[in-house]
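Participant: Sharing a structure here in structure tokens format.
The values are calculated or read from the model by the stated rules, or taken from the named source; none is laboratory data. The structure displayed is predicted, hence computed values, not measured ones. Glycine also receives a Cβ, built like all others from the backbone with ideal geometry; neighbour counts cover every protein chain displayed. SASA here: full protein model, heavy atoms, side chains in, ligands and nucleic acids out. Shrake-Rupley method; radii C 1.70, N 1.55, O 1.52, S 1.80 Å.
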Amino acid sequence: MDKYRIDSHKLLYHPQRVSDWVKGKNIYPLYMEASPSGACNHRCVYCGLDFMKYQPRYLDTSIFLKRLTEFGRLGLKSIMYAGEGEPLLHKDIVSIVQKTRACGIDAALTTNGVLLKKEVASDLLRSCTWIKVSINAGAKETYAKIHRCPEKDFDMVIQNMSYAAALRKDKGFSCTLGMQMVLLPDNAREVLLLAKKARKIGMDYLVIKPYSQHPQSITKRYQAIKYQPYEKLKKDLQGLNSSSFSTIFRLNTMQKWDESRPAYERCLGLPFWSYVDAGGDVWGCSVFLGNPKFYYGNLYQKTFQQIWEGSRRKRSLLWAKKNLHPCRCRVNCRMDEVNRYLWELKNPSAHVNFI
């Protein structure tokens, strides 16, 4: 039921970019994660970027709109607006998403959904490839404890997404609508409840994913979680799947969390993605935000091409090649499956010509 390959990777659909990388060419990223806002209206107990301290800073709209044109010209294929804060707190998020689409770049939002109100829903659904809401409980009482927010926010998110689904159907928008729950001991008993609600209001999917400990996170309360006891939930969820709704239980990722053993010796995925924080800084990896070794430059001071081809990035990649072992990284980072794929390309097993 994972038709979007959420528990896998999609680099295999970009053979030319991969081929150029194999040949040693300087390639531009396929995917970017950008933080329109450093601020957030929730304080989730599992937040991996709590160390960023939810700073009230926002991407400069005029400069970022110019950079979007450049991103498209250089071959960037997608941007997920999420990052260290709530993207819908940016006053110009609609214009940013619309410009992204106009530049030939797929746009997506990962949001808590509280601000996905009627006034912005139509414009965002028209321009986004997908919108995914982080909703980490099936009942408002548990939700409020995990998100550390008022209980009314839960009802508001359900209402907003129900409206979005109805609006999409009425207008014929193609935007995929999904929900995501980080599976924790606090909410495990409400997985089925949330799945039923997601299906009822017209979501396309519900993702159940494991916690991932950010090395810099202040929060440490969940780092000892084991997911084997929860594997039976996958079977329970399958009964809710239909032609229009799927539950994506990320068992593969959960098992990797329990094993905690990387299948590759170096991070090879860095050239294929990039991260832009709410201050316009470009980083090689979100795990090392604040580490000068992974700082490439600032979009307010240089073009993206100057940054991507600059000396800082070259030094960063060289350092990572020589010194960065995955054991120092985040288990189940966003590039984990990509890294497994690239490592196999660089280190093939025997008899690969016998296809």
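Participant: Taking the chain as a Gaussian network, Cα atoms linked when under 10 Å apart, which of 74, 318, 125 shows the biggest mean-square fluctuation?
Facilitator: 318
Participant: How far apart, in nm, are the 7 Å Cα→Cβ label points at residue 141 and residue 53?
Facilitator: Those two pseudo-labels are separated by 3.7 nm.
Participant: Then there is this: So with the 1.4 Å probe, I'd like the accessible area per residue for the chain, rounded to whole Å².
Facilitator: Dividing the accessible area of the chain by its residue count gives 47 Å².
Participant: Another question, then. Take the solvent-accessible surface of the protein heavy atoms, probe 1.4 Å, and return the percent of it on the chain that carbon and sulfur atoms account for.
Facilitator: 50 percent
Participant: Using a simple spin-label model with points 7 Å from Cα along the Cα→Cβ vector, what separation in nm is obtained for residue 60 and residue 91?
Facilitator: 1.7 nm
Participant: For residue 16 and residue 327, calculate 0.36 nm times their separation in residues minus their Cα-Cα distance, and state this gained length in nm to one decimal.
Facilitator: Computed gain between residue 16 and residue 327 is 109.0 nm.
Participant: Follow-up question, since we're still on this one. Within the P(r) computed for the chain, what percentage of the Cα pairs occupies the region above 35 Å?
Facilitator: 21 percent
Participant: What list of ³J(HN,Hα) values in whole Hz, one per residue of the stretch 341-352 in order, does the Karplus curve 6.51 cos²θ - 1.76 cosθ + 1.60 (θ = phi - 60°) give from phi, with Gly and Pro shown as x?
Facilitator: Going residue by residue, I get 5, 5, 4, 5, 5, 7, 10, x, 6, 5, 6, 5 Hz, with x marking Gly and Pro.
Participant: May I pose another question? Kindly provide the GluC sites (Glu not before Pro) of the stretch 235-334 that DSSP labels as loop, not H, G, I, E or B, and whose Cβ sees at most 15 other Cβ atoms within 10 Å.
Facilitator: 265, 309
Participant: Using a Gaussian network model of the chain with C-alpha springs under 10 Å, which one of 127, 286, 242 is most mobile by mean-square fluctuation?
Facilitator: Largest GNM mean-square fluctuation: 242.
Participant: With no solvent and one point per C-alpha, what does the Debye sum give as log10 I(q)/I(0) for the stretch 234-355 at q = 0.19, 0.20, 0.22 Å⁻¹?
Facilitator: -1.04, -1.09, -1.20
Participant: Would you mind telling me the antiparallel percentage of the DSSP bridges in the chain, rounded to 5?
Facilitator: 15 percent
Participant: While we're looking at this one, here's another question. If I build a Gaussian network model for the chain, linking alpha-carbon pairs within less than 10 angstrom, which residue out of 205, 275, 227 has the largest mean-square fluctuation?
Facilitator: For the chain, modelled as a Gaussian network with Cα springs under 10 Å, the answer is 227.
Participant: Next question, about the same structure. Grab the beta carbon distance between residue 228 and residue 298, set R0 = 51 Å, and tell me the FRET efficiency rounded to 0.05.
Facilitator: 0.70
Participant: Taking R0 as 25 Å, what's the FRET efficiency between residue 167 and residue 244 from their Cβ-Cβ distance, rounded to 0.05?
Facilitator: 0.95
Participant: Additional query: Could you grab the relative contact order for the chain? Cα pairs under 8 Å, six or more apart, rounded to a whole percent.
Facilitator: 19 percent
Participant: State, to one decimal in nm, how far the label point of residue 43 lies from the label point of residue 174, with both points 7 Å from Cα in the Cβ direction.
Facilitator: Label at residue 43, label at residue 174, 4.2 nm between them.
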